[in-house]
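The values are calculated or read from the model by the stated rules, or taken from the named source; none is laboratory data. Computed from a prediction, not measured in an experiment: that's the story for all the values here. Every residue, glycine as well, gets a Cβ built from its backbone with ideal geometry; the counts of neighbours run over all protein chains shown. When the accessible area is computed, the model is the full protein with side chains, heavy atoms only, and any ligands, DNA or RNA have been set aside. Shrake-Rupley method; radii C 1.70, N 1.55, O 1.52, S 1.80 Å.
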2 protein chains.
Amino acid sequence: MTATPATEALEARFRRISALSGIASVLIWDQSVLMPSGGCEARAEQLANLSVLRHELLTAPDVAEQLATAEEEMLEGWRAANLLEMRRLYFHEIALSSKLVDALSRASLRCEILWREARAEANFSIVLKALAELIALIQEEATAKAEIMKISPYEALLRRYEPACSINSIEKLFGELEDQLPSLLNSVLEYQATRSDPVQPQGPFPIAIQRALSRMVMQAIGFNFNYGRLDEALHPFCGGVPDDVRITTRYEDSSFISAIMGIIHETGHALYERGLPLAWRTQPVGSARGMIMHESQSLLMEMQACRSEAFLDLLSDWACSAFSISLEPKNLFRICTKVKRGCIRVEADEITYPLHVIVRTRLERAMLSGDLQVAYLPSTWNAEMNELIGVTPPNDAMGCLQDIHWYDGAFGYFPMYTLGAITAAQIFQAAVRDERCIPEAIGRGDFKPLVEWLARNIHDLASFKSTEEIINMATGANLSTVPFLSHIKNRYLDE
Amino acid sequence: MTATPATEALEARFRRISALSGIASVLIWDQSVLMPSGGCEARAEQLANLSVLRHELLTAPDVAEQLATAEEEMLEGWRAANLLEMRRLYFHEIALSSKLVDALSRASLRCEILWREARAEANFSIVLKALAELIALIQEEATAKAEIMKISPYEALLRRYEPACSINSIEKLFGELEDQLPSLLNSVLEYQATRSDPVQPQGPFPIAIQRALSRMVMQAIGFNFNYGRLDEALHPFCGGVPDDVRITTRYEDSSFISAIMGIIHETGHALYERGLPLAWRTQPVGSARGMIMHESQSLLMEMQACRSEAFLDLLSDWACSAFSISLEPKNLFRICTKVKRGCIRVEADEITYPLHVIVRTRLERAMLSGDLQVAYLPSTWNAEMNELIGVTPPNDAMGCLQDIHWYDGAFGYFPMYTLGAITAAQIFQAAVRDERCIPEAIGRGDFKPLVEWLARNIHDLASFKSTEEIINMATGANLSTVPFLSHIKNRYLDE
């Protein structure tokens, strides 16, 4: 099928938009990894200009007309799917003025920079005003989008990350977790209390060796360094573009475990990006489906595949030979599956992690609705943590300042982690059902059967189908908490 | 004076163009320093899109009208100077179609990538076709601009780098050098032949120590690492933006001299960028004047200030203590002022360097006019080198493949180096005349008097005046080869 003039014009436009998004991703990577501090203001100017240019490209007067024309053309196949995505992106952008886009870009960068200082000094007041200003802009965005999309403002924010995300489905799934996890947590804690604590391997673990081991693990999983890099930054992330994926991590010489597990997580993201179908890379239909699917790919790799006893036994061997240490058999597995009520989300185990997300989801909804004044965030945070997880952060750096997300404007993102974890469990279960050799292969460091299954069932579908459809096609069922909860019982209670 | 609507619109537009140029500069740095090879195609797409966006912003239908309106407004001060620059940039861009801009961007990147391979294998045929295609596009650009600007096509290319550059002035200045340098070269060679060769310090010189020494030298000259970085790349350059200057170099552990001298050169570029007046950074009037002035700033630092006996004595002390070696007094100065007929431009001494440039200027003019077919470039290059410098390159990697410029589309750039060298000599002479303490201060590693003089007389003027006016105001005379030639006689013949 050849392109009509309307689709051709739209495809050229979205190809350019894709280039601009790729550029922004490289600039953000650069800023996080190596930009000198003096460059902040110039970078803010660059990123704000990119956002506004992207906005102008998406909302130019002829786009509405071209979309309408194309929609009457009864397109089929990838062009039909692409058009749906174009329309969706258009709705998100047409709701906003370019002034608001510019203000949002600058306010998030300003707030993020103050957050770094606030977190370092564990002093929320440093960032209070900037956060309040940013929230006001986010509210403006949410309200404007809600009106056009006929959904609630918070849903409009969720849909920046996940196309069809609804509050109802989140409340249902999270409700099930909230019902079951606290008692599961108690059972696991009791169960683990019957055993001695696992012995922590003693460092120092030289960072040069950690780097080499990390690269080896990434390559085993399937990362190709001709198409990507591993670097260091304050917070681990996966950026760049599919043919130039930029993963970051942070090392400490006292332990190698959290850096390696973080890298495995980011490698899951990277494989998804790399696996997107080549021919549609520059079009919306060829982009990653959304952040539930993205987080499912990272968590599947980190939690399902690599936190397994089989893989951790292998990693233990690799680490022993890399660092010239010795570890008891099963020791690494026991460390990586140790459950603990803690303050920090990124250090949380699989069972408490969803509770951290539920706290954040409640709080961000309250801040956005105006029910929670930003000034009360620290105290409310602590109260919620105490209620749901049973810990009280000793200071705000370990409390409401620990995560970058809100200070960066990413309201509505936190639920993606837990929706991703649920999805990961369901997808991994289906993969193992289809390819029974997967767990044993992973134990040998052979990720091919798993990655090939993911490529066929997830990566290759990009945005050709909805998240729901992809999950259904890959697993034969709607998204449910059952596989996740049974995975937890299986791994942590030997059920 | 407040902005009128026309100037306000133009200023906003050029502010955005400045952000896009800054972005392109960071992307090019990234590509040269650390991008994985698989990212080439995506990066080409990003850079081509930026070029076309910049082109569209500069040539949008309302720009011509706004420029005409503003020109009738009798602007004064910086706004008047800014308007002249806007008009100049507009002329350069309006001559081209966006199709040509896109094609040029892609063809230069493609040709540059093939050139890397061709140079590595010393095989010109690898890049022949891509170069011929690139030249055809450059000819198209030159012809289109020549028509609008009423100048010759080659001049149109020169003016991409230097606003008012004329073939007449280049022919006059280069003619004087061609008249005098060959006999000067003979005299210097005879003079140096009467002495034994300077002893080369014996390595290895660990690269970590070279890095530390380089940073120390940069800081002494005035580079502030809060606003810039030093990294490694295949070819040394200075990129980034004024508040985030990215310098690169290449180290070899067999010698530290060429890396350090290269870094000093790039630091001269960096100080110029950093010294541009803060309030006008995003406007054309606040940008660097042109590449003659830019190369004058780097060559002034490298050749005039730091290849002096006084500074090299100091550098010798620093190097001895950094590498724990000992060097004879004056040895480093003798190494750095050793004159030799050689094949490689970037390793050339101050006397043969202009001859390398003259060869390239002749050849690029011949290729652009069609007098020289690209297939004959290697043999013609060798013949010219033999005639003018008296050497014949043993292979094309040391011949016509040695420099990136043509393969990157930078026709018309080479003359800037020698015009910059002449300018540097004249400016340095004036600076020392105004501030007699400069040479002695440099010998102590104190660059403040020099850099402050440059800030006042060159950097601060940005593009408020023409190159000619800046040179005149700073030195009291028109640009001439006299200071350069007398500097050569003074340093190399003790005259």
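Could you give every pair whose Cβ atoms fall below 7 Å, whose first residue belongs to the range A:10-24 and is within 11 Å of another protein chain (Cβ to nearest Cβ), and whose second residue is among the acidic types (Asp, Glu) and surrounded by 19 or more Cβ atoms within 10 Å (Cβ to Cβ), counting only separations of at least 6 or pairs across chains? The qualifying pairs are A:19/B:45.
Inclusion of residue A:346 among residues that are surrounded by fewer than 19 Cβ atoms within 10 Å (Cβ to Cβ), aliphatic (A, V, I, L, M), under 24 Å from the mean Cα position of the chain (by Cα) and part of a helix (DSSP H, G or I) is warranted.
Of the residues making up the range A:233-246, those that are assigned to a strand (DSSP E or B) and within 13 Å of chain B (Cβ to nearest Cβ) are A:239, A:240, A:241, A:244, A:245, A:246. With (1) within 14 Å of another protein chain (Cβ to nearest Cβ); (2) touching a Cys at 6+ places or on another chain (Cβ under 8 Å) as the list, and residue A:127 as the residue in question, which single condition is left unmet? (1) is the only condition that residue A:127 fails. Counting only residues that are among the β-branched types (Val, Ile, Thr) and in a helix (DSSP H, G or I), which one in the range B:451-490 is surrounded by the fewest Cβ atoms within 10 Å (Cβ to Cβ)? Filtering the range B:451-490 for residues that are among the β-branched types (Val, Ile, Thr) and in a helix (DSSP H, G or I), the one surrounded by the fewest Cβ atoms within 10 Å (Cβ to Cβ) comes out as B:482. Checked against the criterion of being within 14 Å of chain B (Cβ to nearest Cβ) and within 29 Å of residue B:23 (Cα to Cα), the candidates A:42, A:103 yield just one match: A:42.
Number of residues in the range A:150-162 that are touching a helix residue (DSSP H, G or I) at 6+ places or on another chain (Cβ under 6 Å) and within 17 Å of residue A:466 (Cβ to Cβ) equals 3.
Is it the case that residue A:228 is open to solvent by less than 40 Å² (accessible area, probe 1.4 Å), within 14 Å of chain B (Cβ to nearest Cβ) and within 20 Å of residue A:414 (Cα to Cα)? In short, no. The single condition among (1) without any contact (Cβ under 8 Å) to a residue 24 or more places away in the chain; (2) under 28 Å from residue A:248 (Cβ atoms) that residue A:89 does not satisfy is (1). Scanning the range A:155-183 for residues that are in a helix (DSSP H, G or I) and open to solvent by 30 Å² or more (accessible area, probe 1.4 Å) yields a total of 13.
Within the range B:246-260, the set of residues being surrounded by 22 or more Cβ atoms within 10 Å (Cβ to Cβ) and within 15 Å of the chain's Cα centre (by Cα) comprises B:246, B:247, B:249. Could you identify the single residue in A:128, A:177 that is modelled with pLDDT of 95 or more and in the same structural domain as residue A:379 (by TED's automatic domain parsing)? It is A:177.
Residues of the range A:184-211 that are in a loop (DSSP other than H, G, I, E, B) and of a type outside the set (Gly, Ala, Ser): A:194, A:195, A:197, A:198, A:199, A:200, A:201, A:202, A:204, A:205, A:206.
Does residue B:195 satisfy the condition of being farther than 18 Å from residue B:370 by Cβ, surrounded by fewer than 14 Cβ atoms within 10 Å (Cβ to Cβ) and charged (D, E, K, R)? Taking the combined requirement at face value, the residue satisfies it. Going by the structure shown, is residue B:27 under 18 Å from residue B:408 (Cβ atoms) and either within 14 Å of chain A (Cβ to nearest Cβ) or of a type outside the set (A, V, I, L, M) (or both)? Yes. Of the residues in the range B:71-79, not one is of a type in the set (A, V, I, L, M), more than 19 Å from residue B:281 (Cβ to Cβ), modelled with pLDDT of 95 or more and out of contact with any His (no Cβ under 8 Å at 6 or more places or on another chain).
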